[in-house]
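K.L.:
Before I ask anything, here is the structure I am working with.
The values are calculated or read from the model by the stated rules, or taken from the named source; none is laboratory data. Keep in mind the model is a prediction, meaning the values are calculated, not measured. So basically every Cβ, Gly included, is an ideal-geometry build from the backbone, and we count neighbours across all protein chains shown.
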Amino acid sequence: MIPLSLYVHLPWCVSRCPYCDFNAHAAPTFDESRYVECLVREFGQAAGEARDRTIESVFFGGGTPSRFSPTAIRRVLDAIRTEFDCSSSLEVTLEANPQSADREHFAGYREAGVDRLSIGVQSFDDHCLRRIGRAHGREDACVAIDFARQAGFSRFNLDLMYGLPNQQVNQARADLERALEFEPEHLSWYQLTLEPGTPFAVKPPPLPDGDHLWEMYQEGAGILERAGYAQYEVSAWCRDGAVCRHNVNYWEYGDYLGVGAGAHGKLTDDSGEVFRTVQVPGPDDWMAAAEAEGAEIERQHRDAGSRIFEFMLGALRLKAGVAWSLFEARTGQPRKVLSNVLAKARAYSLVDESPQGLCASERGWRYLNDLCELFLPDSV
């Protein structure tokens with residue numbers, strides 16, 4: 001059976017970063033209790049979609065989920081356990097930003113059932129943080145990580161970016177080395193990209209060129225490997241096999257329910273058809289809809305070509321690549337439909353193949369976007 005996860009969107013931030021294209025809304029205050037009760041109502045509707053399947057992971061994303069109180073998170077998790085059949089090894093991740101870090105809140109999240117924090121550090125360099133519009137400084141990040149340790153979180157992720165405005169290779173190296181001093185079990189280390197519609201896309205800052213970006217990546221990868229971290233996805237590194245199970249489910253084209261303002265979901269029905277779901281984006285509009293008939297506003301059927309592309313877009317990000325058996329099970333398509341595309345990929349030395357599966361070659365890893373574009377629906 002296809003694994004099932006639950007994504008819960010908590011949309012409010014103190015301020016909005018100029019590179020962010022998430023459904024995040026800056027507000028000094030918000031109606032926490034109303035939003036939480038609307039989530040509970042939506043869980044009741046979403047439970048029918050689960051069809052007696054087990055929830056393997058829960059992810060609180062945002063926005064800034066750490067602006068919500070431990071009482072609110074406990075109420076949400078209690079409702080999830082009531083409405084859904086949850087795995088005995090349920091992974092529960094909550095995103096936290098350093099500017100909203102609080103020792104008592106972190107301890108409260110742990111007691112409520114959160115077992116994994118993802119802390120949005122982005123950089124330990126105050127100059128870099130100011131250039132990307134972050135509301136916290138280096139010391140705030142260090143304190144937040146200490147709070148996580150004191151609260152009993154042995155499982156936590158640090159989010160770091162490289163390729164920041166005017167960033168030098170030595171600065172990117174220093175960020176990684178500082179992060180490793182805290183011995184996180186997991187690191188999300190990814191390149192800053194200019195997303196359409198963001199302030200940075202409208203007025204781009206001075207970013208490192210391609211050669212410097214590749215140097216940052218190669219040097220950083222070496223530092224992480226020597227420190228005992230294994231890369232299992234383009235931007236994800238961990239020790240002792242401590243992968244983020246929720247994200248792996250995304251990348252392997254698993255199913256997930258999306259609940260909250262602007263949340264997206266992906267579901268496979270009993271006949272093998274795949275659908276994408278979208279909920280109302282604005283928090284106030286979402287709450288009004290949840291209190292009425294329900295907050296879902298869109299449900300898109302994914303045809304065979306879309307399923308193939310979406311599967312490859314995620315699975316080729318994984319270092320281990322694609323198992324042919326998984327491809328056929330999740331897309332409902334035979335391996336032979338990829339013959340022409342794979343011939344092109346081989347011609348450009350972008351893939352490594354075996355009877356068991358497919359993965360990006362070293363060259364394909366560097367030009368992953370070009371590799372994934374070969375699988376666009378019109379190309380297969």
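K.L.:
Could you say which residue among GLU83, GLU56 is within 20 Å of the chain's Cα centre (by Cα), under 21 Å from HIS264 (Cα atoms), crowded, with 18+ Cβ neighbours inside 10 Å and charged (D, E, K, R)? So that I can check it myself, show each step before the final result.
P.N.:
Working: GLU83 fails: within 20 Å of the chain's Cα centre (by Cα).
From the options GLU83, GLU56, the qualifying one is GLU56.
K.L.:
Would you tally the residues in region 317-355 being assigned to a loop (DSSP other than H, G, I, E, B), exposed (fewer than 14 other Cβ atoms within 10 Å of the Cβ) and more than 27 Å from the chain's Cα centre (by Cα)?
P.N.:
Here the count works out to 4.
K.L.:
Conditions first: (1) closer than 23 Å to LEU374 by Cβ; (2) in contact (Cβ under 8 Å) with a residue 60 or more places away in the chain. LEU267 passes all but one, so which condition is the exception?
P.N.:
(1)
K.L.:
Something else about it: If only one of GLY228, GLY272 is of a type in the set (Gly, Ala, Ser), over 29 Å from ARG131 (Cβ atoms) and not assigned by TED's automatic domain parsing to the domain that holds SER118, which one is it?
P.N.:
Details: GLY228 fails: not assigned by TED's automatic domain parsing to the domain that holds SER118.
Checking each option against the conditions leaves just GLY272.
K.L.:
For region 233-241, does any single residue satisfy the condition of being within 24 Å of GLY364 (Cα to Cα) and hydroxyl-bearing (Ser, Thr, Tyr)?
P.N.:
Scanning region 233-241, I find at least one residue that is within 24 Å of GLY364 (Cα to Cα) and hydroxyl-bearing (Ser, Thr, Tyr), so the answer is yes.
K.L.:
Can you name the strands (runs of 3 or more DSSP E) wholly within region 215-283 that have at least 2 residues being within 16 Å of LEU318 (Cβ to Cβ)?
P.N.:
Values: elements: 230-233, 236-238, 255-260, 264-268, 274-279.
Qualifying strands (runs of 3 or more DSSP E): 230-233, 236-238.
K.L.:
Which residues, taken from region 269-308, are under 21 Å from the mean Cα position of the chain (by Cα) and surrounded by fewer than 20 Cβ atoms within 10 Å (Cβ to Cβ)?
P.N.:
Listed by number, the residues that qualify are PHE275, ARG276, VAL278, PRO281, GLY282, SER306.
K.L.:
Hey, another quick one. Being within 27 Å of the chain's Cα centre (by Cα) and among the aromatic types (Phe, Trp, Tyr): is that true of TYR367 here?
P.N.:
Details: within 27 Å of the chain's Cα centre (by Cα): yes; among the aromatic types (Phe, Trp, Tyr): yes.
For TYR367, the condition - within 27 Å of the chain's Cα centre (by Cα) and among the aromatic types (Phe, Trp, Tyr) - is met.
K.L.:
If I filter region 142-149 for residues that are surrounded by fewer than 18 Cβ atoms within 10 Å (Cβ to Cβ) and either farther than 28 Å from ALA26 by Cα or basic (Lys, Arg) (or both), do I get at least one hit? Before you say what the answer is, go through the steps one by one.
P.N.:
Pass one, region 142-149, residues surrounded by fewer than 18 Cβ atoms within 10 Å (Cβ to Cβ): 142-143, 146, 149.
This time we only want the ones that are either farther than 28 Å from ALA26 by Cα or basic (Lys, Arg) (or both), so: 149.
Scanning region 142-149 turns up at least one residue that is surrounded by fewer than 18 Cβ atoms within 10 Å (Cβ to Cβ) and either farther than 28 Å from ALA26 by Cα or basic (Lys, Arg) (or both).
K.L.:
MET287 is checked against (1) closer than 27 Å to ASN157 by Cα; (2) touching a Lys or Arg at 6+ places or on another chain (Cβ under 8 Å); (3) not in a strand (DSSP E or B) and fails just one. What number does that condition carry?
P.N.:
If we test MET287 against (1) closer than 27 Å to ASN157 by Cα; (2) touching a Lys or Arg at 6+ places or on another chain (Cβ under 8 Å); (3) not in a strand (DSSP E or B), just (1) comes out false.
K.L.:
Moving on to the next point. Just for region 9-38: of the residues that are under 20 Å from the mean Cα position of the chain (by Cα) and among the aliphatic types (A, V, I, L, M), which one is surrounded by the most Cβ atoms within 10 Å (Cβ to Cβ)?
P.N.:
Per the stated criteria, the residue is LEU10.
K.L.:
Select from region 356-380 the residues that are closer than 18 Å to GLU252 by Cα and in a loop (DSSP other than H, G, I, E, B) and list them in ascending order.
P.N.:
GLN356, PHE375, LEU376
K.L.:
I've got another one for you. Quick check on region 262-275. Is at least one of its residues small (Gly, Ala, Ser), over 16 Å from GLU56 (Cβ atoms) and out of contact with any strand residue (DSSP E or B) (no Cβ under 7 Å at 6 or more places or on another chain)? If you could, list the steps in order and put the result at the bottom.
P.N.:
Of all residues in region 262-275, those small (Gly, Ala, Ser) come to 262-263, 265, 271-272.
Now narrow it down to the ones that are over 16 Å from GLU56 (Cβ atoms): 262-263, 271-272.
Among the residues that remain, those that are also out of contact with any strand residue (DSSP E or B) (no Cβ under 7 Å at 6 or more places or on another chain) are: 271-272.
Yes, some residue in region 262-275 is small (Gly, Ala, Ser), over 16 Å from GLU56 (Cβ atoms) and out of contact with any strand residue (DSSP E or B) (no Cβ under 7 Å at 6 or more places or on another chain).
K.L.:
Name every residue in region 192-213 that is in contact (Cβ under 8 Å) with a residue 40 or more places away in the chain and surrounded by 14 or more Cβ atoms within 10 Å (Cβ to Cβ), in order of residue number.
P.N.:
LEU192, LEU194, THR198, PRO199, PHE200, PRO205, LEU207, PRO208, HIS212, LEU213
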